[in-house]
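The next block holds one structure in the form of structure tokens; read it before the comments.
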Amino acid sequence: MARALILLSLTTLLLSLFPLPTTHAQSAPPPTASGPINITAILEKASQYTTFIRLLNETQAANQINNQVNNSQDGMTVFAPTDNAFNNLPPGSLNKLTNQQQVQLVLYHICPKYYSLESLLTVSNPVRTQASGQDNQVFGLNFTGQGNQVNVSTGVVEVPIYNALRKDPPLAVYQVDKVLLPIEFFPQQSKSKAPAPSPPPSGGGGGGAAAKPPSTSTSNPSTNVTAAKAPSTNDPATNNPGNGSGEMSVGLGLVSGIILLCMGLLS
């Protein structure tokens, strides 16, 4: 009995001096920060964007997107045409574009601001893109829609936006099933018609004012029409022919009297 008590006391003493290790719940490691945003990686993961990826790399637009969304506060929005969208273009369409037009085409699918689908429904049209032309003329896109449906229009092409490959700021990437062709690539072939010339004034040519039509009033002419001024009786230039013949008769009589007087004096 005494031996058992001694063993129990020693066991208690040993446990107090050397406690058994306890298991502690290990906390989960903190989440590692996500890597930098890469537009081509997003498109490659979604597949069916081979042509657009190639154009992004050839024009250096991919680097521009990655730099802006990773190193600045400015977001961006990309409208990514599928491979089928490029295949539906007329044959040789891309090859016919100049190098500058190819760059403009790619940049036309990029907006220098983050837009959610909801904000595209209320945005002020046209929306600026990264593409520009002569004299820094900015190429724009127009957005319309209702409810959850959003359509994008270039003036040449209109297509609905169905799928968001990425929708979180600072980068939104939306799928489009048509290539967005800028209207600036399609100048109007015919000039607008000039306005029709105004009709000539009534009553004849010249640039003067048109003559007033004669009055058709049947009322008293003295009250509606100004009468022509009667010739003055004191003005010799306007006297009638009768007065002129009287003056001639008087002159002939006077001459005859003087002649007779001279003949009488001589006799």
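The values are calculated or read from the model by the stated rules, or taken from the named source; none is laboratory data. Here the structure is a predicted model, which is why all the values come from computation and not from measurement. Cβ placement follows ideal geometry from the backbone for every residue including glycine, while neighbour counts extend to all protein chains displayed. Accessible surface is based on the protein model in full, side chains and every heavy atom, while ligands, DNA and RNA are left aside. Shrake-Rupley method; radii C 1.70, N 1.55, O 1.52, S 1.80 Å.
Annotations for the structure displayed:
- Meets criteria (under 21 Å from the mean Cα position of the chain (by Cα), at pLDDT below 95 and within 27 Å of residue 70 (Cα to Cα)) for residue 152: no
- Residue check for residue 114: open to solvent by 30 Å² or more (accessible area, probe 1.4 Å), closer than 21 Å to residue 150 by Cβ and at pLDDT 95 or above: yes
- Residue count, the stretch 121-144 (criterion: of a type in the set (Gly, Ala, Ser) and surrounded by fewer than 16 Cβ atoms within 10 Å (Cβ to Cβ)): 3
- Scanning the stretch 58-74 for residues that are open to solvent by 10 Å² or more (accessible area, probe 1.4 Å) and touching a helix residue (DSSP H, G or I) at 6+ places or on another chain (Cβ under 7 Å) yields 59, 66, 74.
- Residues that are farther than 17 Å from residue 156 by Cα and surrounded by 17 or more Cβ atoms within 10 Å (Cβ to Cβ), drawn from the stretch 90-106: 103
- Residue tally, condition at pLDDT below 60 and surrounded by 11 or more Cβ atoms within 10 Å (Cβ to Cβ), over the stretch 16-38: 0
Quick grid of which residues meet (1) at pLDDT below 95; (2) of a type in the set (S, T, N, Q); (3) surrounded by 11 or more Cβ atoms within 10 Å (Cβ to Cβ):
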| site | (1), (2), (3) |
| --- | --- |
| 171 | no, no, yes |
| 181 | no, no, yes |
| 184 | yes, no, yes |
| 187 | yes, no, no |
| 200 | yes, no, yes |
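- Filter result for residue 234 (modelled with pLDDT of 85 or more and either in a loop (DSSP other than H, G, I, E, B) or within 28 Å of residue 90 (Cβ to Cβ) (or both)): no
- Checklist (1) charged (D, E, K, R); (2) surrounded by 14 or more Cβ atoms within 10 Å (Cβ to Cβ); (3) in contact with a Cys (Cβ under 9 Å, 6 or more places away or on another chain) applied to residue 83, failing item: (3)
- Of all residues in the stretch 39-57, those being in contact with a helix residue (DSSP H, G or I) (Cβ under 8 Å, 6 or more places away or on another chain), of a type outside the set (Phe, Trp, Tyr) and open to solvent by less than 60 Å² (accessible area, probe 1.4 Å) number 7.
- Qualifying residues in the stretch 50-62 (those that are over 29 Å from the mean Cα position of the chain (by Cα) and polar (S, T, N, Q)) - the one nearest to residue 103 (Cα to Cα): 57
- Residues satisfying the stated conditions in the stretch 150-165, i.e. part of a strand (DSSP E or B) and surrounded by fewer than 17 Cβ atoms within 10 Å (Cβ to Cβ): 151, 153, 158, 160, 164
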